[in-house]
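Q: Provided herewith is a single structure, encoded as structure tokens, for subsequent inquiry.
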Amino acid sequence: MKEIRIHGRGGQGSVTAAELLAVAAFEDGKYSQAFPAFGVERRGAPVTAFVRLSDKPVRLRSQIYEPDYVIVQDATLVDVVDVASGTKPEGIILINTEKNPGSFNIKTEAAIRTLDATKVAIDIIGKPIVNTTLIGAFAGVTGEIRPESIKKAVMERFPGKIGEKNAEAIQAAYDLIGGK
Amino acid sequence: MKNRMTVVEGSYAVAHAAKVCRPNVISAYPITPQTHIVEDLSQFVADGEIDCEYMNVESEFSAISALIGASATGARTFSSTTSQGLALMHEALFNASGMRLPIVMTVVNRALSAPINIWNDQQDSISQRDTGWIQLYAEDVQESADMTPQIFKLAEDKDVLLPAMSCMDGFILSHVYEPVILLEQDLTDEFLPGFEPEYILDPGNPMSFGAFADPTTYTEFRYRQEEAMGVALKKIEEIASEFNDIYGRYYGGLVDGYMLDDAEIVIMAMGSVIGTIKDTIDMLRKENISIGLLKVRSFRPFPADAIKAALKNAKLVVTLDKNISIGKNEGALCTEVKACLHNTKLRVPVIGFMLGHGGRDIPIGTIVNIVDKAKAAMRNDSFIESEFADLREDME
């Protein structure tokens with residue numbers, strides 16, 4: 001089983017990103033589970049969402065304390081939330097930022113990977129909505145989910161022009177971060 | 001089976017299940033975390049996907065009152081609520097069961113105020129224990145959906161005719177996305193016949209429901225309700241098997257065991273924590289700990305015989321409760337399991353743990369700690385009756 005924790009701010013679509021990862025992983029033939037760290041959601045407040053991927057049906061219902069992967073949608077969260085909590089040496093923390101991985105002072109043995117998803121999203125989608133772009137980068141960094149499955153999940157969730165633009169951003173992020 | 005699955009939110013799967021049961025009247029008042037269910041249902045009605053009267057009301061008390069009237073006319077009725085909303089219905093819940101109206105309600109379990117808390121525990125439905133409603137508890141989204149036609153069939157059975165709550169843990173199941181098979185309309189039509197009660201409110205054939213009963217007859221009304229609960233005990237098993245025949249899915253009838261046969265320690269629980277317990281048991285079994293699970297699906301009627309039979313080899317029973325009877329320092333399952341074992345030859349200790357109140361997370365570590373305490377109790381050097389698990393020690 002692989003466990004993913006997504007950190008974002010209210011309104012950034014962290015829960016939607018988790019849902020799309022679950023749908024895409026299932027499309028790939030895995031069992032999946034996605035849920036938010038239920039809170040009284042407010043725009044801009046730190047929010048957390050969780051995803052589990054497994055070859056067997058997922059029974060575990062607790063929150064995720066030792067994630068294999070962490071996605072950080074907003075780099076300013078690094079100063080307010082312990083995004084590295086419970087991460088493993090072989091784990092990956094993916095941060096949306098224009099900065100280099102080395103510029104973050106995060107206590108973790110996990111690898112830090114960065115992508116300026118905001119720029120990708122503005123360039124392609126026309127809005128700084130980074131959730132879909134980041135899960136494209138997630139696919140590129142981890143190889144856990146095929147980008148085609150993510151694009152399909154996004155196109156089904158957001159049919160038409162919006163879905164197409166998001167799919168384009170997903171592919172761009174996947175390529176930029178070196179997915180293959 | 002996997003290729004018939006789709007990843008949806010728990011609330012959607014349950015709203016969809018309610019839809020294919022073809023209710024005639026739905027009335028509900030939105031309240032977190034039940035909201036998505038009634039949003040989805042009102043969308044189905046607005047889109048004409050279901051031929052149903054959706055009654056907008058100004059409170060949960062009105063929702064249940066509207067359904068009492070509708071059910072008495074012979075309509076199949078559905079509602080959903082949680083927490084304060086269920087508490088507000090309390091008075092009318094007795095009316096529904098006393099009038100033998102098989103209203104079905106999905107309770108999305110949530111804590112009660114004060115302090116205000118929107119998260120999951122099961123204090124809301126447990127607090128309605130004595131209202132004469134059937135109460136079943138689901139482990140995952142698929143079971144929550146599948147419970148819906150099962151509970152309609154149970155409630156509307158002519159020898160049962162009792163209102164029924166299908167309980168699913170708020171947020172944990174209502175807001176999770178996971179793969180499920182959405183209930184097929186054709187299979188559901190085959191499984192669940194139309195509701196055709198013998199007695200209805202009909203201007204052409206006037207009669208009264210729930211009218212005055214003086215001391216010479218009131219007792220017998222209660223006796224008949226209890227008798228119907230006894231029938232429900234058998235029907236829950238039968239209906240679960242019939243469901244399996246048609247849909248190919250089975251969750252146990254009244255109770256369900258996991259690694260139970262040779263288990264010295266048996267954990268008992270209800271609802272979504274079951275999955276986490278199963279994973280914990282798999283882990284502990286690898287450490288040669290003799291442990292199993294008895295999942296309780298039906299809390300009302302209480303399956304005393306099934307529980308006694310399942311516990312016959314147990315050396316220690318550990319109950320987990322997401323509720324508390326304040327002043328008894330015990331959850332309801334603990335109290336009832338102890339009580340049902342008392343007049344038997346089974347001399348097995350029962351230790352209760354209360355956990356998950358107001359949405360406090362239940363990781364595997366919590367279950368492991370509980371099992372450690374239980375093992376210490378088995379060595380008899382620290383026997384406890386019941387206590388809170390995971391109490392914070394840093395709060396004064």
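Q: If we keep just the residues of region A:23-47 that are at the interface with chain B (Cβ under 9 Å from one of its Cβ atoms) and loosely packed, with under 15 Cβ neighbours inside 10 Å, which is farthest from B:Gln34 (Cα to Cα)?
A: Filtering region A:23-47 for residues that are at the interface with chain B (Cβ under 9 Å from one of its Cβ atoms) and loosely packed, with under 15 Cβ neighbours inside 10 Å, the one farthest from B:Gln34 (Cα to Cα) comes out as A:Gly29.
Q: Which ones in region B:106-150 are among the aliphatic types (A, V, I, L, M) and over 18 Å from B:Ser272 (Cα atoms)?
A: B:Leu112, B:Ala114, B:Ile116, B:Ile134
Q: Just to check your reading of the model, which residue among B:Gly271, B:Gly194 is crowded, with 16+ Cβ neighbours inside 10 Å, among the small types (Gly, Ala, Ser) and in contact with a Lys or Arg (Cβ under 9 Å, 6 or more places away or on another chain)?
A: B:Gly271
Q: Name the residues in region B:1-30 that are within 20 Å of the chain's Cα centre (by Cα) and within 14 Å of chain A (Cβ to nearest Cβ), would you?
A: Residues satisfying the conditions are B:Glu9, B:Gly10, B:Ser11, B:Tyr12, B:Ala13.
Q: Let me ask you something else. What are the residues in region B:97-134 that are within 25 Å of B:Ala145 (Cβ to Cβ) and of a type in the set (Val, Ile, Thr), if any?
A: Listed by number, the residues that qualify are B:Ile103, B:Val104, B:Thr106, B:Val107, B:Val108, B:Ile118, B:Ile126, B:Thr131, B:Ile134.
Q: Another question, if that's okay. Going by the conditions given, is B:Asp157 under 19 Å from the mean Cα position of the chain (by Cα) and within 27 Å of A:Leu20 (Cα to Cα)?
A: Against the criterion (under 19 Å from the mean Cα position of the chain (by Cα) and within 27 Å of A:Leu20 (Cα to Cα)), B:Asp157 does not qualify.
Q: Do we find a residue being away from chain A (no Cβ under 14 Å), farther than 25 Å from B:Gly230 by Cβ and more than 22 Å from the chain's Cα centre (by Cα) anywhere in region B:339-346?
A: no
Q: Only one residue in A:Asp55, A:Asp82, A:Asp68 is of a type in the set (Asp, Glu), away from chain B (no Cβ under 13 Å) and more than 16 Å from the chain's Cα centre (by Cα), so which one is that?
A: A:Asp82
Q: Further question on the same structure: Does region B:129-142 contain at least one residue that is within 14 Å of chain A (Cβ to nearest Cβ) and either assigned to a helix (DSSP H, G or I) or basic (Lys, Arg) (or both)?
A: Taking every residue of region B:129-142 in turn, at least one turns out to be within 14 Å of chain A (Cβ to nearest Cβ) and either assigned to a helix (DSSP H, G or I) or basic (Lys, Arg) (or both).
Q: Looking for something of a type outside the set (Asp, Glu), modelled with pLDDT under 95 and surrounded by fewer than 21 Cβ atoms within 10 Å (Cβ to Cβ) - is there at least one such residue anywhere in region B:7-22?
A: Looking for residues that are of a type outside the set (Asp, Glu), modelled with pLDDT under 95 and surrounded by fewer than 21 Cβ atoms within 10 Å (Cβ to Cβ), one finds none in region B:7-22, hence no.
Q: Considering B:Lys345, B:Lys373, which residue is assigned to a helix (DSSP H, G or I) and at pLDDT below 95?
A: B:Lys373
The values are calculated or read from the model by the stated rules, or taken from the named source; none is laboratory data. Predicted model, so just to flag it, every value in this text is computed and none were measured. Because the Cβ atoms are built from the backbone with ideal geometry, glycine has one as well, and the counts that use them run over all protein chains shown.
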